[in-house]
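Chemist: Next up is a structure, given as structure tokens.
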Amino acid sequence: MTFTSSTRFALSSAPPSAEHDLLDVTAHHEAGHAMAAVMRGGSSLRGVTIDVDRPGHGLTLLRTAPWDTGFMAYAGPWAEARFVWGNRPLDAHNDNDCTFSDCVVGVLLHQSDDAAMWGAWHHEPAQESVRQAMADLGMTFAPEEVWDRELELVWPEIQTLAQRIRAGESVTDTEVRDLYEATLLDVAN
Ligand SMILES: [Zn+2]
């Protein structure tokens, strides 16, 4: 690695799904990672690919600061679960009586790279001490709840990105950043 303040990660996926086209599922998964890469200071997107000959195989390369690795890992499974969730209200239950956050965790557990990265972040001493400090104050520390809201705000843009990835178009850091910044302007106006 040629840099000191951030770490490079490759997040891959091989999601199983019966109802949905695997390429669509994979494209949304990778689009979630790609969008996350421009949503934190010091992080950047290096590239996104999906292998159309091997549905389910996607790869997003990104750089991120160590304290943001949990979010980066979470965003792919979040987008995959969000795609499968469809138009149901987010506070509803699906046909298997699962909540949306159950579904995100379900996807995460099937993605060994994402789960490993998420788990390493979650068990980092710094994260454990934040949770303990909050618990001492009688508060729970659930960054996922904030991440869910952040990602839902950019869900239309993640879908746009997914369509490009699905079509085999290359997606650059600049393009994704432009999409994200346009969303922020919309929210501000
Ligand atoms: Zn992933």
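Chemist: Starting from residues that are assigned to a loop (DSSP other than H, G, I, E, B) and surrounded by 13 or more Cβ atoms within 10 Å (Cβ to Cβ), keep the ones in the stretch 132-163 and report whichever is nearest to the chain's Cα centre (by Cα).
Modeler: Taking the candidates together, the pick is Val154.
Residues are listed down the side, and each one gets a yes or a no for (1) closer than 21 Å to Trp155 by Cβ; (2) surrounded by 15 or more Cβ atoms within 10 Å (Cβ to Cβ):
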position	(1), (2)
Leu45	yes, yes
Leu59	no, yes
Arg63	no, yes
Gly86	yes, no
Leu90	yes, no
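Chemist: Inside the stretch 57-107, can you point out the residues that are assigned to a helix (DSSP H, G or I), in contact with a helix residue (DSSP H, G or I) (Cβ under 6 Å, 6 or more places away or on another chain) and of a type in the set (Val, Ile, Thr)?
Modeler: Answer for the stretch 57-107, where residues must be assigned to a helix (DSSP H, G or I), in contact with a helix residue (DSSP H, G or I) (Cβ under 6 Å, 6 or more places away or on another chain) and of a type in the set (Val, Ile, Thr): Thr69, Val104, Val107.
Chemist: Next question, about the same structure. Assuming Ser170 fulfils every condition listed in (1) of a type in the set (Ser, Thr, Tyr); (2) in contact (Cβ under 8 Å) with a residue 60 or more places away in the chain; (3) not in a loop (DSSP other than H, G, I, E, B) apart from one, which condition is it?
Modeler: The single condition Ser170 does not satisfy is (3).
Chemist: Separate question: Report whether or not Thr7 is modelled with pLDDT under 90, under 19 Å from Asp113 (Cα atoms) and either surrounded by fewer than 21 Cβ atoms within 10 Å (Cβ to Cβ) or within 12 Å of the ligand (Cβ to nearest atom) (or both).
Modeler: yes
Chemist: Oh, and also: Can you confirm whether the stretch 26-39 contains a residue that is surrounded by fewer than 15 Cβ atoms within 10 Å (Cβ to Cβ) and either at pLDDT below 90 or more than 15 Å from the ligand (Cβ to nearest atom) (or both)?
Modeler: no
Chemist: Could I ask something else about it? Would you confirm whether any residue within the stretch 127-142 is charged (D, E, K, R) and within 16 Å of the ligand (Cβ to nearest atom)?
Modeler: No, the stretch 127-142 has no match at all.
Chemist: A follow-up question, please. Of all residues in the stretch 66-79, which are away from the ligand (no atom under 16 Å from the Cβ) and among the hydrophobic types (A, V, I, L, M, F, W, C)?
Modeler: Selection gives Trp67 alone.
Chemist: As an exercise: evaluate Ala120 against (1) within 16 Å of the ligand (Cβ to nearest atom); (2) over 30 Å from Thr174 (Cβ atoms); (3) surrounded by fewer than 16 Cβ atoms within 10 Å (Cβ to Cβ) and give the number of the one condition it does not meet.
Modeler: (2)
Chemist: Out of the stretch 80-95, which residues are among the aliphatic types (A, V, I, L, M), within 16 Å of the ligand (Cβ to nearest atom) and in contact with an Asp or Glu (Cβ under 8 Å, 6 or more places away or on another chain)?
Modeler: Result: Val84, single match.
The values are calculated or read from the model by the stated rules, or taken from the named source; none is laboratory data. Only a predicted model underlies this, so the values are computations on that prediction, with no experimental measurement involved. Cβ atoms come from the backbone with ideal geometry, glycine included; neighbour counts cover every protein chain shown.
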